[in-house]
Every structure is written in structure tokens, then in C-alpha cells.
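These notes concern the structure reproduced below.
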Amino acid sequence: MSDLFDFEQRRDQYGVMGNPISHSQSPRIHSLFAEQTRQHLSYEAIHVDLGGFAQAVGNFDASGGKGLNITVPFKQEAFELVDELSARARRAGAVNTIKFEKHKRYGDNTDGVGLVNDLRQNHHIVLAGKRILLMGAGGAARGVLAPLLECKPAVLMIANRTPDKAVALAATFTDLGSIKGCGYHELGEQRFDIVINATAASLQGELPPLPESILADGAVCYDMMYGKLTPFMSWARSHGAAQVFDGLGMLVEQAAESFFLWRGVRPQTAPVIALLRSEFPVAIS
Ligand code: ATR
């Protein structure tokens with residue numbers, strides 16, 4: 001009994017902090033990864049009160065925790081709390097993964113690579129040379145800009161309800177490629193091959209004010225939300241998108257990248273996506 005107790009005590013501790021957090025699929029995903037790769041670890045969802053984030057991270061660190069995922073609304077705060085940043089986290093201005101090392105906290109951001117891996121590897125979408133429209137200029141959008149630009153699209157256009165935010169955000173990434181920011185009405189007659197929804201509109205059951213004729217022939221539409229058919233996904237279907245995806249694959253892919261950072265082992269994502277898909281059956285094409 002005490003051997004078993006010691007064994008349990010020695011499990012490396014991981015978790016995800018957010019508010020709200022009760023619906024997070026991350027504990028499930030990381031348990032499946034651990035089982036698949038035979039890693040001995042525990043992973044829990046940790047609800048953190050607004051204003052209590054730094055304290056919660058400190059407590060987790062002091063108790064010997066090895067790693068954290070950070071979700072809404074604490075990613076920017078996490079950025080301030082780490083000692084060292086990956087290049088992609090610095091670019092994103094946000095941290096979704098912390099690795100607790102002996103004398104330092106290392107912060108990374110795996111959201112962007114999660115999106116790109118889902119698009120390219122799972123859905124076989126080519127991003128190079130494509131005209132990409134990214135809706136939204138908040139934290140979710142900021143996190144994916146550098147990895148998208150690394151794929152060398154012909155143009156990456158950010159459209160936002162508050163146009164100035166899109167223009168300002170684009171301006172900080174121009175060294176990485178062809179990127180512009182504007183308001184929705186300024187999109188005019190332009191057409192895009194790939195349209196990605198990184199706004200919070202889906203959470204409110206709303207649709208960003210997209211011009212009717214924005215989709216090029218064969219266009220791909222992607223909503224970072226998962227678990228239900230969003231107004232944007234419905235809009236995409238009725239406006240001739242060739243393929244429409246939700247963000248379930250991105251969720252699993254960003255988790256896999258965090259798991260790799262912590263454990264040095266890359267889990268297979270396909271079986272985990274398939275299992276979750278059976279529980280969140282948003283039809284995709
Ligand atoms: P997150 O970290 O999820 O990106 P955020 O930083 O609050 O959250 O950003 C939310 C984004 O969704 C913003 O780009 C916001 O537009 P504004 O900058 O104009 O506020 C966008 N957004 C939220 N609700 C929206 C809606 N109903 N239609 C269009 N865009 C919306």
C-alpha cells in the first residue's frame with residue numbers, strides 16, 4: 001500500500017489553469033497522450049479566480065509541479081510570469097505552456113503550431129502562396145500569426161471589428177511576411193482561399209460582418225471554436241466553402257506540442273482527435 005502511495009506521489013504533476021475551466025478537454029487529452037506514450041504523470045484542471053493567477057502559479061511551482069497549460073483569460077499574464085520565453089511566445093505576447101525547470105520558468109506558445117499542424121497534416125491544406133483572411137485581433141489571433149506567416153502565404157489579412165487593432169497588430173509582424181490589417185467593410189471585393197475565425201463572436205453565437213463574396217473557389221473555412229456548429233461555419237457552408245472545419249484538431253495539436261515540450265515524446269494525435277470527434281460530432285467536410 002505504501003509502495004503504491006509512493007508511486008502515486010512520484011507522478012509528475014501537470015495541469016491547466018483558466019477561468020472558466022470546468023469544460024476543458026485538456027485533462028482528458030493529456031491522460032490519453034500519457035497512456036499512449038506510457039508516461040507516468042497526472043494532469044488536472046485548476047480553476048483560478050480572477051486576480052489570483054500569479055499566486056496559483058507560485059503555489060503550483062512550489063509544490064513541485066512540472067508544467068502548466070494556461071487558457072483564457074490568463075495567457076498574457078502568464079507571459080509576464082516566466083523567466084524565459086520561446087521565440088514564438090515572445091512574438092505572440094502570450095504564453096499557453098509553462099515548463100517548470102530547476103531554477104526557471106520557461107514559457108512557450110503552442111497555439112499557432114497547433115493550428116498549422118491541424119490545417120496541414122490533418123486536413124492536407126496547403127498554406128504557401130494562399131490568400132489567408134484571419135478574423136479577429138485579440139489574443140487568439142495574435143498567437144497564430146507568426147506560425148501562419150512561416151508557411152509563406154501570398155498574403156495574410158487581419159480583419160477586425162475595431163479596424164485600428166488589426167492595423168496595429170499587422171504592423172508588428174511585417175518583418176515576417178506579407179501581412180495587412182483592416183476593418184471588415186474594407187475587404188470590399190477581395191477573395192480569400194482560407195478564412196480563419198479567431199474572434200470571440202462564435203462564443204456569443206454571432207457572425208463577424210463578412211462581405212458576401214469573400215470566398216474564392218475551393219475556399220477552406222476554419223473556426224477555432226469546437227464542439228458546435230458556429231454561425232461562421234453555417235455561413236461558410238451556405239456561401240460555397242469547399243471545406244469547413246472546427247477547432248477540435250487545433251486543440252489536440254497544441255496539446256501534443258505542449259506534451260512534447262514537457263516530456264520529449266511526441267504523442268500521436270489522430271487517435272485522440274478521432275475519440276474526441278465521436279463525442280463532439282460537428283460534421284466537417
Ligand atoms: P481572445 O483572447 O479570445 O482573442 P479578445 O482578446 O477579447 O479574446 O479578442 C476578441 C476578438 O474577437 C477581438 O478581435 C474582437 O473584436 P474587437 O477587437 O473589435 O473587440 C472580436 N469579436 C468579439 N466579438 C465579436 C463579434 N460579435 N463580431 C466580430 N468580432 C468580435
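The values are calculated or read from the model by the stated rules, or taken from the named source; none is laboratory data. Since we're looking at a predicted model, the values are computed, not measured. Virtual Cβ from ideal backbone geometry, glycine too; neighbours counted across all protein chains shown. All accessible areas refer to the heavy atoms of the entire protein, side chains included, with ligands and DNA or RNA removed. Shrake-Rupley method; radii C 1.70, N 1.55, O 1.52, S 1.80 Å.
Hey, among the residues in region 179-199 that are in contact with a helix residue (DSSP H, G or I) (Cβ under 9 Å, 6 or more places away or on another chain) and open to solvent by 50 Å² or more (accessible area, probe 1.4 Å), which one's farthest from the ligand (Cβ to nearest atom)? Across region 179-199, the extreme among qualifying residues is K180.
As a summary of the residue check, F259 satisfies the conditions (1) closer than 30 Å to Y106 by Cα; (2) out of contact with any Phe, Trp or Tyr (no Cβ under 6 Å at 6 or more places or on another chain) except for the one numbered (2).
The listed residues are I46, I125, I29, I70, and the only one of them that is surrounded by 17 or more Cβ atoms within 10 Å (Cβ to Cβ), farther than 30 Å from C221 by Cα and among the β-branched types (V, I, T) turns out to be I46. Scanning region 95-144 for residues that are in contact (Cβ under 8 Å) with a residue 60 or more places away in the chain, of a type in the set (A, V, I, L, M), part of a loop (DSSP other than H, G, I, E, B) and under 24 Å from L261 (Cβ atoms) returns a single hit, L127. Out of the residues in region 149-170 that are among the hydrophobic types (A, V, I, L, M, F, W, C), under 15 Å from V195 (Cα atoms) and out of contact with any Lys or Arg (no Cβ under 9 Å at 6 or more places or on another chain), which is farthest from the ligand (Cβ to nearest atom)? The qualifying residue farthest from the ligand (Cβ to nearest atom) is L149. Of the residues making up region 195-229, those that are touching a Pro at 6+ places or on another chain (Cβ under 8 Å) and closer than 22 Å to L119 by Cβ are N197, T199, A201, S202, L207.
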